[in-house]
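Colleague: I'd like to ask you about the structure that follows.
The values are calculated or read from the model by the stated rules, or taken from the named source; none is laboratory data. Only a predicted model underlies this, so the values are computations on that prediction, with no experimental measurement involved. All Cβ positions, even for glycine, are placed from backbone atoms using ideal geometry, and neighbour counts span all protein chains on display.
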Amino acid sequence: MTRFLVGILMVLAMAGQALASDWKKLLDPADFAALMDDVTVLDIRAPKAFAEGHIEGALNAPYGSWRGPKSNPGAALTDVTLTERLQSLGLTKATPVVVIYAGKNVTDFGAAARVYWTLKSAGLTKIAILNGGLKAWTGAGNALANAPGTVERSTEAFSLSDDWMITRDGVVDVVAGRTDAQIIDARPVEFLQGKKKHKAAKAAGTLAGAANVQHSTWFTGPGKVKTEITTAEDVLRLAREAGVEDGQSRPIASFCNTGHWAATNWFALSELAGIANVKLYPESMVGWTNANQPVTVTE
């Protein structure tokens with residue numbers, strides 16, 4: 001191999017490393033506009049809303065197709081279902097993806113975060129969320145399209161890694177004191193006090209020892225992460241104020257009713273703050289209570 005060719009390969013490798021390090025996990029409309037032609041855009045809104053107008057070239061991947069059954073909406077997808085879902089969208093582990101949500105409210109962001117978590121757990125390495133969703137995109141003066149994007153089915157197989165997931169058995173060990181982890185409840189306080197519960201949950205309450213870090217901690221306005229969050233340190237500061245231990249001496253396990261609001265906390269702590277070993281409990285309190293596991297209530 002000539003020195004010239006070696007030199008070219010080294011430059012390409014360095015360029016690839018720089019691109020990877022420059023990849024942002026939360027994009028504003030200008031960020032997204034600069035790379036939208038080079039990524040797969042997944043619009044997770046319902047088909048009717050998608051048909052009424054979407055970002056040009058986007059694929060419709062409704063949030064419901066990433067969820068479990070009504071009896072346990074937060075259940076993680078099986079590997080068979082996951083593979084079918086991602087193959088049908090033409091995805092491989094090397095595909096760069098941007099997730100688009102409506103941007104209506106703080107709960108809305110949780111859908112994008114849950115899809116992001118699923119994609120990352122499936123092995124994709126370049127994933128981002130458009131901050132503020134479609135509302136931010138149109139608010140910046142960008143037009144929408146009506147024709148759906150086209151896709152060529154992929155053949156790659158996928159499975160969910162447990163690197164960012166804690167199972168019910170894992171939570172049982174934490175609650176029983178056999179495993180050390182900080183567990184954080186992303187729900188409004190009324191749920192922890194037993195005054196409210198999800199309609200699919202068998203009982204109201206929370207996990208013993210859980211700290212309350214409400215998913216709305218990270219937001220300003222309708223479904224948009226706070227604009228003052230510009231660095232990992234900004235997220236860590238908010239995390240400390242909310243009672244999160246960020247020394248990374250033990251894992252953090254995030255839960256809510258169905259792993260939706262909890263995905264927002266996971267995204268903020270894992271992806272924005274860069275805290276290692278943050279895990280999501282996908283089925284959360286619905287799966288927990290329906291398995292007759294114990295709950296407690298806070299004052």
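Colleague: Can you spot a residue in region 160-179 that is under 21 Å from Val99 (Cα atoms) and among the polar types (S, T, N, Q)?
Modeller: Scanning region 160-179, I find at least one residue that is under 21 Å from Val99 (Cα atoms) and among the polar types (S, T, N, Q), so the answer is yes.
Colleague: Look at Thr179 and say whether it is assigned to a helix (DSSP H, G or I), among the β-branched types (Val, Ile, Thr) and either more than 30 Å from Ala30 (Cβ to Cβ) or touching a residue at least 24 places away in the same chain (Cβ under 8 Å) (or both).
Modeller: So Thr179 fails the test.
Colleague: Consider region 73-97. How many of its residues are of a type in the set (Ser, Thr, Tyr) and either buried (at least 16 other Cβ atoms within 10 Å of the Cβ) or farther than 12 Å from Thr155 by Cβ (or both)?
Modeller: First, pick out the residues of region 73-97 that are of a type in the set (Ser, Thr, Tyr): 78, 81, 83, 88, 92, 95.
Then drop every residue that is not either buried (at least 16 other Cβ atoms within 10 Å of the Cβ) or farther than 12 Å from Thr155 by Cβ (or both), which leaves 78, 81, 83, 95.
The qualifying residues number 4.
Colleague: With the structure loaded, tell me whether Ala232 is surrounded by fewer than 21 Cβ atoms within 10 Å (Cβ to Cβ) and at pLDDT below 80 or whether it fails that test. Before the answer, list the steps.
Modeller: Working: surrounded by fewer than 21 Cβ atoms within 10 Å (Cβ to Cβ): yes; at pLDDT below 80: yes.
So Ala232 passes the test.
Colleague: Report yes if Glu190 is surrounded by fewer than 20 Cβ atoms within 10 Å (Cβ to Cβ), modelled with pLDDT under 90 and farther than 15 Å from Pro251 by Cα, otherwise no. First the steps, then the outcome.
Modeller: Values: surrounded by fewer than 20 Cβ atoms within 10 Å (Cβ to Cβ): yes; modelled with pLDDT under 90: no; farther than 15 Å from Pro251 by Cα: yes.
The answer is no for Glu190.
Residues are listed down the side, and each one gets a yes or a no for (1) farther than 18 Å from Thr217 by Cβ; (2) in the same structural domain as Ala201 (by TED's automatic domain parsing); (3) of a type outside the set (Lys, Arg):
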site	(1), (2), (3)
Gly259	no, yes, yes
Ala262	no, yes, yes
Asn265	no, yes, yes
Ser270	no, yes, yes
Ile275	no, yes, yes
Leu280	no, yes, yes
Glu283	yes, yes, yes
Val286	yes, yes, yes
Val295	yes, no, yes
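Rundown of residues vs (1) in contact with a Leu (Cβ under 9 Å, 6 or more places away or on another chain); (2) among the basic types (Lys, Arg); (3) without any contact (Cβ under 8 Å) to a residue 12 or more places away in the chain, yes/no style:
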site: Ala61; (1), (2), (3): yes, no, no
site: Asn72; (1), (2), (3): no, no, no
site: Thr81; (1), (2), (3): no, no, yes
site: Val97; (1), (2), (3): yes, no, no
site: Asn105; (1), (2), (3): no, no, no
site: Ala111; (1), (2), (3): no, no, no
site: Val115; (1), (2), (3): yes, no, no
site: Ala122; (1), (2), (3): yes, no, no
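Colleague: Among the residues that make up region 207-222, is at least one of them surrounded by fewer than 15 Cβ atoms within 10 Å (Cβ to Cβ), assigned by TED's automatic domain parsing to the domain that holds Asn265, part of a loop (DSSP other than H, G, I, E, B) and modelled with pLDDT of 95 or more?
Modeller: yes
Colleague: Okay, next question. When both residues are 6+ apart or on different chains and their Cβ atoms are under 6 Å apart, which pairs have a first residue that lies in region 265-287 and is at negative phi and outside any helix (DSSP H, G or I), and a second that is aromatic (Phe, Trp, Tyr) and surrounded by 24 or more Cβ atoms within 10 Å (Cβ to Cβ)?
Modeller: So the pair list comes out as Val278/Trp266; Leu280/Trp117; Leu280/Trp266; Tyr281/Phe255.
Colleague: Report the residue count in region 147-176 for those that are over 30 Å from Ser88 (Cβ atoms) and either aliphatic (A, V, I, L, M) or in contact (Cβ under 8 Å) with a residue 12 or more places away in the chain (or both).
Modeller: Residues that pass the stated criteria total 6.
Colleague: Give, as residue ranges, the helices (runs of 4 or more DSSP H) completely inside region 66-151 that count at least 3 residues that are of a type in the set (D, E, K, R) and modelled with pLDDT of 95 or more.
Modeller: Those helices (runs of 4 or more DSSP H) span 79-88.
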